[in-house]
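Below is one structure, written out as structure tokens, with a few remarks after it.
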Amino acid sequence: MAVSPRTLAAIKAAPLSDVIEASGGSLKRVGHEFLTQCLWHDDSNPSLTVSDDKGFCFCHVCRGGGDAIDYVGQRLGLSWREAAERAAEILGVQFETDDENPEQAARKKEARRKAIAENEAAQAEYKAALRDPRAGRIRGAQEVGRLGTGACY
């Protein structure tokens with residue numbers, strides 16, 4: 001299931017700054033380039049240089065960086081393939097593969113979307129259960145253990 005060269009070329013040809021802003025990053029224009037905080041290390045001063053002309057970003061502190069796919073993968077914690085799909089989605093590029101049946105790909109994407117929705121629902125249910133007044137004893141034990149002032153029961 002290789003990503004088609006046409007899809008990769010379209011992602012790489014698009015402005016990286018658009019991908020960064022759509023992913024939640026903030027950019028500061030410096031000449032023809034941009035600066036933002038680096039994702040590859042704990043960055044308090046913006047050190048990641050973003051070049052739309054060159055199609056990549058580079059940190060002058062940690063030497064991290066890459067193209068739009070690398071940035072999205074690092075920002076969202078995705079695999080390379082998932083990052084390529086997300087970057088294509090952000091840029092409005094048709095995501096194509098070389099050897100995958102379109103119907104099978106659509107079924108796979110729908111199954112993934114459904115699994116994510118189920119996971120988010122379970123997470124919301126868990127959070128609501130922790131807020132329930134009947135869970136006070138459990139929350140109290142966790143807080144005592146976290147503070148180190150007593151034993152957990």
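Modelled label positions at ASN45 and ALA105, each set 7 Å beyond Cα in the direction of Cβ, lie 4.5 nm from each other.
Give me the net charge for the shell around CYS62: Cβ to Cβ below 10 angstrom, other residues only, Lys and Arg +1, Asp and Glu -1. Walk me through the numbers before you get to the answer.
On the way: positive: ARG63; negative: ASP42, ASP43.
Surrounding charge for CYS62 is -1.
Over all other residues within a Cβ to Cβ distance under 11 Å of SER79, the charged ones net out to 0, with Lys and Arg as +1 and Asp and Glu as -1.
Where only DSSP H runs of four or more residues are counted, the chain gives -16500 deg cm²/dmol as its mean residue ellipticity at 222 nm, each run worth -39500 (n - 2.57).
If you count, for each residue, the other Cβ atoms within 10 Å and average over each peptide, how do 67-77, 4-14, 127-137 line up from highest to lowest? All intermediate terms of the calculation are to be shown ahead of the outcome.
On the way: 67-77: 19.8, 4-14: 15.6, 127-137: 9.4.
Ranking the peptides 67-77, 4-14, 127-137 by packing returns 67-77, 4-14, 127-137.
For region 5-91, a simple Cβ point-charge model (Lys and Arg +1, Asp and Glu -1, everything else neutral) yields a dipole of about 120 debye relative to the Cα centre.
Here the chain was treated as a single set of alpha-carbon atoms; its pair distances binned every 5 Å from 0 give 1, 8, 13, 15, 12, 10, 10, 10, 8, 6, 4, 1, 0 percent.
About the centre of its Cα atoms, the chain shows a dipole size close to 720 debye [charges on the beta carbon of Lys, Arg (+1) and Asp, Glu (-1) only; nearest 20 debye]. Relative contact order for the chain: 20 percent, from Cα pairs under 8 Å spaced at least 6 residues apart, divided by residue count.
If you count Lys pairs in the chain whose Cα atoms are under 30 Å apart, skipping same-chain pairs closer than 8 places in sequence, the total is 9. When each of the peptides 79-88, 45-54, 110-119 is scored by how many other beta carbons lie within 10 Å of its residues on average, the order from highest to lowest is 79-88, 45-54, 110-119. Just want the answer: with Cβ charges of +1 for Lys and Arg and -1 for Asp and Glu, which residue in PHE95, VAL72, GLY136 is farthest toward the dipole's positive end in the chain? The one lying farthest along the dipole's positive direction is GLY136. Kirkwood hydrodynamic radius computed over region 105-144 comes to 12.1 Å, based on all pairs of distinct alpha carbons.
Every number here is computed from the coordinates shown, using simple stated rules; none is lab data. Keep in mind it's a predicted model, so treat the numbers as computed, not measured. Neighbour counts are summed over all protein chains in view; Cβ atoms, including those assigned to glycine, are modelled from backbone coordinates with ideal geometry.
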